[in-house]
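Novice: I am attaching a structure below and will ask some questions about it afterwards.
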Amino acid sequence: MSPSSPRPAAARAFAVATMCASALVAGLSVSDANAQSLYPVVITATRSETTIDRALADVSVIDAQAVRDAGASTLPELLRSAGGIEISQTGGAGSLSGLFVRGTRNSQTVILVDGVRMENPLSGGGLIENLPLSSIDRIEIVRGPASSIYGSGAIGGVVQIFTRQPGADGLHPFASAAAGSRGTAQVQAGFRAAREGTRVALGLSHDRTSGFEATRPGSSDFQRDRDGNRQSSLTASLAHRLTPRWELGAALLLTDGRMEYDDAFSTPDSARKDYRSSALSAFARGRLLAGWHTELRVGNSSLDYGFAGFSFAPRTDSRTVAWQNTVEAWGGSLLFGIESLSQRIDGEGVTRGGGASYVRERRDTDSVFGGYERGWGDHTLRATLRRDRIESVGSETTGAIAWGWQLDPLWLVRASYGTAFRAPTFDDLYNPFSPNPTLQPEKSRGFEVAAERRSAAGLFRAIAFSSRIDDAIELDSTFTARNLARARVHGLTLEARRAIGAWTLRGSATVQHTEGVLEDPLANLRTEGELTRRAPRFGVLGVERQQGRWRYGAEAVAQARRFDTQGQRMGGYAFVDAWAAYRLDRDWELFGRAGNLGDRDYETVSGYRSLPRSLLVGVRYAMR
């Protein structure tokens, strides 16, 4: 959080995206009498399959084609194109990344992989930089308070990542290979298969890059070297239909990598981090009775990493068991279930070595949740409620209510209100140097009002949102976590997509105001200002074309000025990524991606450069 000051010139970095989004909105206002609404199915917003119009939430989907065609090289870079999301990175692939959804910070958004919570119990973040883009099949993003469904951490929203899933009947192999600037190489191979009720998918991938000089001369972390990254991953999934009413399945993601970085406490030879992550889930689901659907899901995720320059190598595990039910009752749909989360930490510098260890090594959370949804003519109403009991922290109750009105087949007006919370982390409560066991959870309340128009030709959404976070956890002058701050965010997001012949235009623009108050009684200080690394304006503009064997497109990303954690001003910027693909025949395709075409030099973390101009070209095969 830093003092704010007016910077009119920064608005230029945002102007192109705003004007083009406005043009798309105007284009969508024309008559479209022959178009029909398109309602894709989503899961994350309600914990069960529903069409996106009935989700009554700010939901975006990045499908498999968009993942493949994206000019982005990492998951954090891909997420910033979804709208309402800002990203910070201390360099390129594998570097420490921050995710800011509607002005909330990294640890205030829940990350799920195939339904399993992916979270570092020490810091509370999901370490999205560890998740390989090549293993992702689909992403669903829900913005806004979601603790009444997902519990602690869902203040800003939820991002769910789906790995490669089984496909249609028969055997369908796939493979790709690509090479690019700065020693970048990417290879992957696998298959999808299905036969007689059994479906299988398997994929292997390896990415490598020599990187670039991430820090600037003059930065306290500057080291004169290139900061590379390598990453290998395996994904596997299996599903079998026992009967027409019952299905069993499992999914696995394994990642192993090494990332080089710069800091003031290491040498170029020792400034590297080895990391491993995994997410394993298994489920059984079906119909107990007519109108009663049930699912039992168990999962385990781990985030392990270690540093060559010093003795700190955490090993973390988060184990989940969840049972949820959806029952048709009283003219609507009733949701109820229970969930248990057990988190453990271990490793060098955490529970052993160095003469100090964390006060607690395990924490359990037991939860019960429920909800009810019913429609009356053109109106739909949903209410959800959840109670979480967190060991050594206490109990929290959160709720949400949402209403939608289908004005006609194309237009939907909706409004929602919800409360959310985030429990203090192991670092906050139990670290060996400055623990604070009296910390209270962060608590928030937020609402949004939206108008949406969906048709076969395009999409338009206008979403006004506001949230307030009380008892926000910040570090004081002695680096002890305390409930010292409160924060408020309110803003407006416009999003539009329009098909015009062979062309598709899309854009998203967000205007927001963030403010926070930090009070440090030990130092007798009170600070007010904007929340760090969050811009008052940011947006994305994209264009795509598909004609014959060709598909190609470009995307511009813009962000206005921001402040970093020590008050450093980071200027506004805009850059352009592009991609193209040419289909050789039914199964083979050439592709290329170019990032930061104008070689724009910009920062998302003060003192750290972002990826310069880059190029990647390759070939892929997928049996249809």
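Novice: Could I have the simple spin-label model distance between Trp323 and Ser340, label points 7 Å from Cα toward Cβ, reported in nm to one decimal?
Specialist: The two pseudo-label positions are separated by 1.0 nm.
Novice: Report ³J(HN,Hα) in whole Hz for each residue of segment 175-182, in order, from the Karplus equation J = 6.51 cos²θ - 1.76 cosθ + 1.60 where θ = phi - 60°; Gly and Pro get x.
Specialist: Here the 3J(HN,Hα) series is 6, 7, 8, 8, 9, x, 5, 6 Hz.
Novice: Right, next: Largest first and in whole Å, what are the equivalent-ellipsoid semi-axes of the chain based on the Cα gyration tensor, each being the root of 5 times an eigenvalue? Walk me through the intermediate numbers first.
Specialist: Values: eigenvalues 220, 186, 155 Å².
Equivalent ellipsoid semi-axes, largest first: 33, 30, 28 Å.
Novice: Quick check for you: which residues of segment 551-580 have the amide N under 16 Å from the point 7 Å beyond the Cα of Ala502 toward its beta carbon?
Specialist: Within reach of a label on Ala502, which here means backbone N under 16 Å from a point 7 Å along Cα→Cβ, segment 551-580 contributes 551-554, 580.
Novice: Of the accessible area of segment 183-332, with the probe set at 1.4 angstrom, what percent is carbon plus sulfur? Intermediate results must be reported in sequence, preceding the final value.
Specialist: Details: 4380 of 7420 Å².
The nonpolar share, carbon plus sulfur, comes to 59 percent.
Novice: If amide hydrogens are placed 1.01 Å from N in the peptide plane, which non-local residues have theirs closer than 5 Å to the one on Leu615?
Specialist: Ser181, Gly595
Novice: Let me ask something additional. Report ³J(HN,Hα) in whole Hz for each residue of segment 108-119, in order, from the Karplus equation J = 6.51 cos²θ - 1.76 cosθ + 1.60 where θ = phi - 60°; Gly and Pro get x.
Specialist: After applying 6.51 cos²θ - 1.76 cosθ + 1.60, I find 9, 10, 7, 10, 10, 10, 6, x, 9, 5, 10, 8 Hz.
Novice: Sticking with this structure for a sec: Taking the Cα centre as origin and putting +1 on Lys and Arg beta-carbons and -1 on Asp and Glu beta-carbons, what dipole magnitude results for segment 527-624, to the nearest 20 debye?
Specialist: Working: 17 positive and 12 negative charges, 52 e Å.
Roughly 240 debye, rounded to the nearest 20.
Novice: Summarise the long-distance tail of P(r) for segment 399-520 by giving the % of C-alpha pairs beyond 21 Å.
Specialist: Of all Cα-Cα distances in segment 399-520, 56 percent exceed 21 Å.
Novice: I would also like to ask the following. Kindly sort Thr478, Thr184, Thr316 by accessible area of their heavy atoms, largest first, with the probe set to 1.4 Å.
Specialist: Details: Thr478 75, Thr184 30, Thr316 0 Å².
Reading off the accessible areas and sorting them downward yields Thr478, Thr184, Thr316.
Novice: Counting helices only, and only those DSSP H runs with n ≥ 4, report the 222 nm mean residue ellipticity of the chain as the sum of -39,500 (n - 2.57) divided by its residues, in deg cm²/dmol to the nearest 500.
Specialist: Details: 5 runs with 37 residues, N = 624.
After summing the helix terms and dividing by the residues of the chain, the value is -1500 deg cm²/dmol.
Novice: Let me ask you something else. Taking the Cα centre of the chain as origin and charging only Cβ (+1 Lys, Arg; -1 Asp, Glu), how large is the dipole, in debye to the nearest 20? Intermediate results must be reported in sequence, preceding the final value.
Specialist: Numbers: 74 positive and 68 negative charges, 232 e Å.
Here the chain has a charge dipole of around 1120 debye.
Novice: If you place +1 on the Cβ of every Lys and Arg and -1 on the Cβ of every Asp and Glu, how big does the dipole about the Cα centre of segment 353-414 come out, in debye to the nearest 20?
Specialist: 120 debye
Novice: Is the C-alpha gyration tensor of segment 477-528 telling us rounded, prolate or oblate? Criteria: a/c under 1.5 is rounded; beyond that, a/b larger than b/c is prolate, otherwise oblate. The partial results should precede the final answer.
Specialist: On the way: a/c = 6.63, a/b = 4.11, b/c = 1.61.
Because a/c hits 1.5 or more and a/b exceeds b/c, segment 477-528 counts as prolate.
Novice: Report the far tail of the P(r) of segment 163-287, meaning the percent of Cα-Cα pairs longer than 16 Å. Before the final figure, lay out each step's value.
Specialist: Numbers: 5477 of 7750 pairs.
Tail of the P(r) past 16 Å holds 71 percent of the pairs.
Novice: Take Asp599 and Trp550, extend 7 Å from each Cα along the Cα→Cβ direction, and tell me the distance between the two endpoints in nm.
Specialist: Going by the 7 Å Cα→Cβ label model, 2.6 nm.
Novice: To continue, here is another question. Once amide H atoms are placed 1.01 Å from N in the peptide plane, what residues at a sequence separation of 5 or more from Arg561, or on another chain, have their amide H within under 5 Å of its amide H?
Specialist: Answer set, sorted by chain and number: Gly572.
Novice: Calculate one ³J(HN,Hα) per residue across segment 607-624 by plugging θ = phi - 60° into the Karplus curve 6.51 cos²θ - 1.76 cosθ + 1.60, and present them in order as whole Hz with x for glycine and proline.
Specialist: x, 10, 7, 9, 4, x, 3, 9, 9, 9, 10, x, 9, 9, 10, 8, 5, 7
Novice: At a Förster distance of 30 Å, what's the computed FRET efficiency of Ala456 paired with Tyr621, Cβ-Cβ distance as r, to 0.05?
Specialist: Numbers: r = 31 Å, r/R0 = 1.04.
Rounded to the nearest 0.05, the efficiency is 0.45.
Novice: Going 7 Å from the Cα of Phe479 toward and past its Cβ, which residues in segment 91-134 have a backbone nitrogen under 16 Å from where you end up?
Specialist: 123
Novice: Which whole-number percent is the relative contact order of segment 231-291 (Cα, under 8 Å, 6+ apart)?
Specialist: Numbers: 102 pairs, mean separation 21.4, N = 61.
Once normalised by length, the contact order is 35 percent.
Novice: Let me ask something additional. Would you compute, for the Cα atoms of segment 234-365, the largest minus smallest coordinate along each principal axis and list the three values in descending order, in whole Å?
Specialist: 64, 33, 23
Novice: What does the accessible area per residue of the chain come to in Å², with a 1.4 Å probe and no ligands, DNA or RNA counted?
Specialist: Values: 26150 Å² over 624 residues.
Here the residues of the chain average 42 Å² of exposed surface.
Novice: Which value in nm describes the separation of the simple spin-label points at Thr351 and Arg226, placed 7 Å from the Cα toward the beta carbon?
Specialist: Going from the Thr351 label point to the Arg226 one covers 4.0 nm.
The values are calculated or read from the model by the stated rules, or taken from the named source; none is laboratory data. Computed from a prediction, not measured in an experiment: that's the story for all the values here. Cβ sites come from the backbone with ideal geometry, for glycine too, and all protein chains shown count toward neighbours. These area figures cover heavy atoms from the full protein model, side chains too; ligands, DNA and RNA do not enter into them. Shrake-Rupley method; radii C 1.70, N 1.55, O 1.52, S 1.80 Å.
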